[in-house]
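Chemist: My questions all concern the structure below.
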Amino acid sequence: MKRIITLLTDFGIKDPYVAQMKGVILSINAEAQIIDISHEVSKHNIHEAAFILLSTYSKFPKRSIHVVVVDPGVGTRRRAIVVETRRYLFVGPDNGVLSLAVDDDGVVRAYEIRNPLFLRSHISSTFHGRDIFAPVAAYLSLGIPPEYVGPEIDFRMIKRTAEPKAFIINDKTFRACVIYIDNFGNVITNIKADMIPRGVRNITIKFKDKELTIPFKRAYNDVPKGEVLSLIDSFNYLEVAVNQGNAAKRLGLTVGDSIVIELS
């Protein structure tokens, strides 16, 4: 049975961990379509993984199965869960990494993974991605109902990771933070597009005793190469970028940094 299974991890691609997960899945369902969202999440960074999942899950066809393994608590008493939402299934640790996406799509039911029939016979205390999450996702892709994996749990009790909110100081000033830096060095803030009124021409960003006024544009190439700008990005957030350059390095910003944004 063909069914899409996505993988999002912090494993990187040097080690065999991702390949082992794929091997387990394909051994159970050889027709599964496995799609890599990313394996370059910052190590153990649950918040970053949750943001990537939130920004990505809905781009896949309905009934896709999203597997997330960013799991610093692997081998502890934290639960392994399956969450059924309006359109998708999510598989991963109950550490908050699934919460932004499942709440966004609307949780229907949630289950704790306990049924040994759907797990590998030997479960490593350090690799639940291979021994628990991969086989469960594979069986789900074959049409096994999610309630078979274990008892239903109160989805309101799933661990949540807080989505950082930008605070409005006044109609043109926000206290915000950096929530993600992509591979180009673009700095994504938690100011959403609908918070920015029409007619804004510039933003002033204040951080770490620095202050910089930069143009607010539609596209990267609306400023000369090497110049700093701001724009609404594909995540639908306010982003600070350098045309064909690395804004994070240029400005010295990292994920979690507090910033003040003034619009003009």
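Chemist: Among the strands (runs of 3 or more DSSP E) lying completely within the range 169-264, list those that include at least 2 residues that are over 17 Å from the mean Cα position of the chain (by Cα) and farther than 29 Å from Y57 by Cα. Steps first, answer last, please.
Modeler: Working: elements: 173-181, 187-192, 202-207, 210-215, 228-232, 237-242, 258-263.
By residue number, 202-207, 210-215, 258-263.
Chemist: Consider V91 carefully, then state whether it is crowded, with 17+ Cβ neighbours inside 10 Å and part of a loop (DSSP other than H, G, I, E, B).
Modeler: Here the answer is no, as V91 does not meet what is asked.
Chemist: Tell me, please, whether a residue that is exposed (fewer than 15 other Cβ atoms within 10 Å of the Cβ), under 22 Å from I28 (Cα atoms), in contact (Cβ under 8 Å) with a residue 60 or more places away in the chain and small (G, A, S) can be found in the range 129-149.
Modeler: Yes, the conditions are met somewhere in the range 129-149.
Chemist: If we keep just the residues of the range 46-87 that are touching a Pro at 6+ places or on another chain (Cβ under 7 Å), charged (D, E, K, R) and surrounded by fewer than 24 Cβ atoms within 10 Å (Cβ to Cβ), which is farthest from R114 (Cα to Cα)?
Modeler: Filtering the range 46-87 for residues that are touching a Pro at 6+ places or on another chain (Cβ under 7 Å), charged (D, E, K, R) and surrounded by fewer than 24 Cβ atoms within 10 Å (Cβ to Cβ), the one farthest from R114 (Cα to Cα) comes out as E84.
Chemist: Of these, D171, D131, which one is farther than 20 Å from V255 by Cβ and either in contact with a Cys (Cβ under 7 Å, 6 or more places away or on another chain) or assigned by TED's automatic domain parsing to the domain that holds E239 (or both)?
Modeler: Among D171, D131, only D171 is farther than 20 Å from V255 by Cβ and either in contact with a Cys (Cβ under 7 Å, 6 or more places away or on another chain) or assigned by TED's automatic domain parsing to the domain that holds E239 (or both).
Chemist: Quick check on A162: is it exposed (fewer than 15 other Cβ atoms within 10 Å of the Cβ), of a type in the set (A, V, I, L, M, F, W, C), modelled with pLDDT under 95 and not assigned by TED's automatic domain parsing to the domain that holds H39?
Modeler: Spelling it out, A162 is indeed exposed (fewer than 15 other Cβ atoms within 10 Å of the Cβ), of a type in the set (A, V, I, L, M, F, W, C), modelled with pLDDT under 95 and not assigned by TED's automatic domain parsing to the domain that holds H39.
Chemist: Find the residue count for the range 68-85, including only residues that are among the hydrophobic types (A, V, I, L, M, F, W, C) and over 14 Å from F127 (Cα atoms).
Modeler: Residues in the range 68-85 being among the hydrophobic types (A, V, I, L, M, F, W, C) and over 14 Å from F127 (Cα atoms): 3 in total.
Chemist: Which one of I123, I144 is touching an Asp or Glu at 6+ places or on another chain (Cβ under 7 Å), over 27 Å from F51 (Cα atoms) and not charged (D, E, K, R)? Explain how you work it out, then say what you get.
Modeler: On the way: I144 fails: touching an Asp or Glu at 6+ places or on another chain (Cβ under 7 Å).
Being touching an Asp or Glu at 6+ places or on another chain (Cβ under 7 Å), over 27 Å from F51 (Cα atoms) and not charged (D, E, K, R) holds for just one of I123, I144, which is I123.
Chemist: Given the conditions (1) under 17 Å from V240 (Cα atoms); (2) touching a Leu at 6+ places or on another chain (Cβ under 7 Å), which single one is not true for M195?
Modeler: (2)
Chemist: Right, here's the next one. Name the single residue, out of those in the range 91-134 being within 18 Å of the chain's Cα centre (by Cα) and among the acidic types (D, E), that is nearest to P16 (Cα to Cα).
Modeler: D94
Chemist: Something else about it: Does I123 satisfy the criteria of being among the aliphatic types (A, V, I, L, M), under 21 Å from D15 (Cβ atoms), at pLDDT 95 or above and not in a helix (DSSP H, G or I)?
Modeler: yes
Chemist: Quick one: how many residues across the range 1-21 are buried (at least 17 other Cβ atoms within 10 Å of the Cβ) and either without any contact (Cβ under 8 Å) to a residue 40 or more places away in the chain or assigned to a helix (DSSP H, G or I) (or both)?
Modeler: Number of matching residues: 3.
Here's the yes/no breakdown for (1) assigned to a helix (DSSP H, G or I); (2) polar (S, T, N, Q); (3) without any contact (Cβ under 8 Å) to a residue 24 or more places away in the chain:
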| residue | (1), (2), (3) |
| --- | --- |
| A50 | yes, no, no |
| S58 | yes, yes, no |
| R63 | no, no, no |
| V68 | no, no, no |
| V83 | no, no, no |
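Every residue, every condition in (1) in a loop (DSSP other than H, G, I, E, B); (2) at positive phi; (3) in contact (Cβ under 8 Å) with a residue 40 or more places away in the chain, yes or no:
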| position | (1), (2), (3) |
| --- | --- |
| P72 | yes, no, no |
| G75 | yes, yes, yes |
| R87 | yes, no, no |
| L100 | no, no, yes |
| Y111 | no, no, yes |
| L117 | no, no, no |
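The values are calculated or read from the model by the stated rules, or taken from the named source; none is laboratory data. Quick caveat, the model's predicted, so the values are computed rather than measured. Heads up, the Cβs are rebuilt from the backbone with ideal geometry, glycines too, and the neighbour counts pull from every protein chain shown.
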